[in-house]
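Remarks on the structure that follows.
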Amino acid sequence: MTKLSVNINKIATLRNSRGGNVPDLLKVAKDIQQFGADGITIHPRPDERHIRYQDARDLKSVVYTEYNIEGNPQHNFIDLVLECKPTQVTLVPDAIGALTSNAGWDTVKHQSYLLEVIQEFQRNGIRTSIFVDADEKMIEGAKATGTERIELYTESFAHEYGLGNKSGIEPYVKAAIKANELGLGINAGHDLSLDNIKFFKDNIPELLEVSIGHALIAESLYLGLENVVNMYLQKLK
Ligand SMILES: CC(=O)[C@@H](O)[C@H](O)COP(=O)(O)O
Ligand SMILES: NCC(=O)COP(=O)(O)O
């Protein structure tokens, strides 16, 4: 069975838009776990536009499933992860100010840097995963960094699938076979949704975990709207 880790960045985005504590990020994290999710993912960005560094600290006492922190391993991020000691850290090569993650690591070019930071996390008992494109060369490079897992960057699969092109899965199947051969655990994420997740899962051998945020929160709005509108109408009778 593939684990579902829910990315709660978008809950923080909504909260921050009003300056108060609605929705309550910690309550949402508790509820998501109560509803059966296997983990909570956050991706604090340097500008703290959604998840704040303090959220990462506060979540430590609330997340009793798998806690996954994603981000670019700059000094502040490394210190935060070492302080929070999550189950897993996922290293993502984000440019400062990027709208969202938009590429995997070049694991050949950045091999020695990744090896160094991965060793530091592993010495502290934190499992590592690195965000990579579905490219066998990058998977081989990931193996050489010593990481336990990779996270396949699924944007191009999701995009192609949305256009009706099922062949967009092919590089992911090849990358997964390579990762399995090399003994790397496979996670995946970015733009996965209720529409595309089953097809992805059914085609990727040994998919350990997916982290899903943007679509899952949007779908929760769509699927909850009718109920909430009707609850208001009842009160206004
Ligand atoms: C690593 C990744 O794929 C991203 O989806 C990320 O975790 C989401 O970040 P934003 O919520 O900032 O777009
Ligand atoms: N690692 C991917 C993630 O956490 C969620 O990505 P998205 O569903 O918000 O695109």
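The values are calculated or read from the model by the stated rules, or taken from the named source; none is laboratory data. Worth saying up front: this structure is predicted, and the values here are computed from it rather than measured. Glycine also receives a Cβ, built like all others from the backbone with ideal geometry; neighbour counts cover every protein chain displayed. Side chains included, ligands, DNA and RNA excluded: accessible areas come from the protein's heavy atoms. Shrake-Rupley method; radii C 1.70, N 1.55, O 1.52, S 1.80 Å.
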Which of (1) more than 19 Å from the chain's Cα centre (by Cα); (2) more than 20 Å from Gln88 (Cβ to Cβ); (3) of a type in the set (Lys, Arg) does Lys198 not meet, given it meets every other one?
-> (1)
Report, by residue number, each residue of region 217-227 that is open to solvent by less than 40 Å² (accessible area, probe 1.4 Å), within 15 Å of ligand 2 (Cβ to nearest atom) and not acidic (Asp, Glu).
-> Ile217, Ala218
Being within 24 Å of Ile69 (Cβ to Cβ) and more than 16 Å from ligand 1 (Cβ to nearest atom) narrows it down to one of Glu116, Glu160, Glu170, so name that one.
-> Glu116
Sort out which residues of region 198-215 are within 14 Å of ligand 2 (Cβ to nearest atom) and open to solvent by 40 Å² or more (accessible area, probe 1.4 Å), and write them in order of number.
-> Leu208, His214
In region 142-155, anything within 16 Å of ligand 2 (Cβ to nearest atom), more than 16 Å from the chain's Cα centre (by Cα) and assigned to a helix (DSSP H, G or I) is listed as Ala142
State all residues of region 132-142 that are surrounded by fewer than 24 Cβ atoms within 10 Å (Cβ to Cβ) and in contact with a Gly (Cβ under 8 Å, 6 or more places away or on another chain); if no residue qualifies, say none.
-> Asp133, Asp135, Met138
Top-ranked residue in region 99-132 [being more than 16 Å from the chain's Cα centre (by Cα) and among the small types (Gly, Ala, Ser); ranked as farthest from Ile51 (Cα to Cα)] = Ser112
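Can you tell which of Val81, Val62 is over 20 Å from Gly189 (Cβ atoms) and either among the hydrophobic types (A, V, I, L, M, F, W, C) or in contact with a helix residue (DSSP H, G or I) (Cβ under 6 Å, 6 or more places away or on another chain) (or both)? Even if it seems obvious, please write down each step before you answer.
Working: Val81 fails: over 20 Å from Gly189 (Cβ atoms).
Result: Val62 is the single residue among Val81, Val62 that is over 20 Å from Gly189 (Cβ atoms) and either among the hydrophobic types (A, V, I, L, M, F, W, C) or in contact with a helix residue (DSSP H, G or I) (Cβ under 6 Å, 6 or more places away or on another chain) (or both).
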For region 219-237, pairs from a residue that is free of Cβ contacts under 8 Å to residues at least 12 places away in the same chain and over 22 Å from Val6 (Cα atoms) to a residue that is surrounded by 10 or more Cβ atoms within 10 Å (Cβ to Cβ) and of a type outside the set (Ser, Thr, Tyr), with Cβ under 7 Å and 6 or more apart or across chains, are none
Spot the failing condition for Asp38; the list is (1) over 20 Å from Leu194 (Cα atoms); (2) out of contact with any Gly (no Cβ under 9 Å at 6 or more places or on another chain), and only one is missed.
-> (1)
Inside region 182-195, can you point out the residues that are buried (at least 21 other Cβ atoms within 10 Å of the Cβ) and among the polar types (S, T, N, Q)?
-> Asn187
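So which of Phe35, Phe121 is among the aromatic types (Phe, Trp, Tyr) and under 30 Å from Lys137 (Cα atoms)?
From the options Phe35, Phe121, the qualifying one is Phe121.
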With (1) touching a residue at least 24 places away in the same chain (Cβ under 8 Å); (2) closer than 18 Å to Leu207 by Cβ as the list, and Lys85 as the residue in question, which single condition is left unmet?
-> (2)
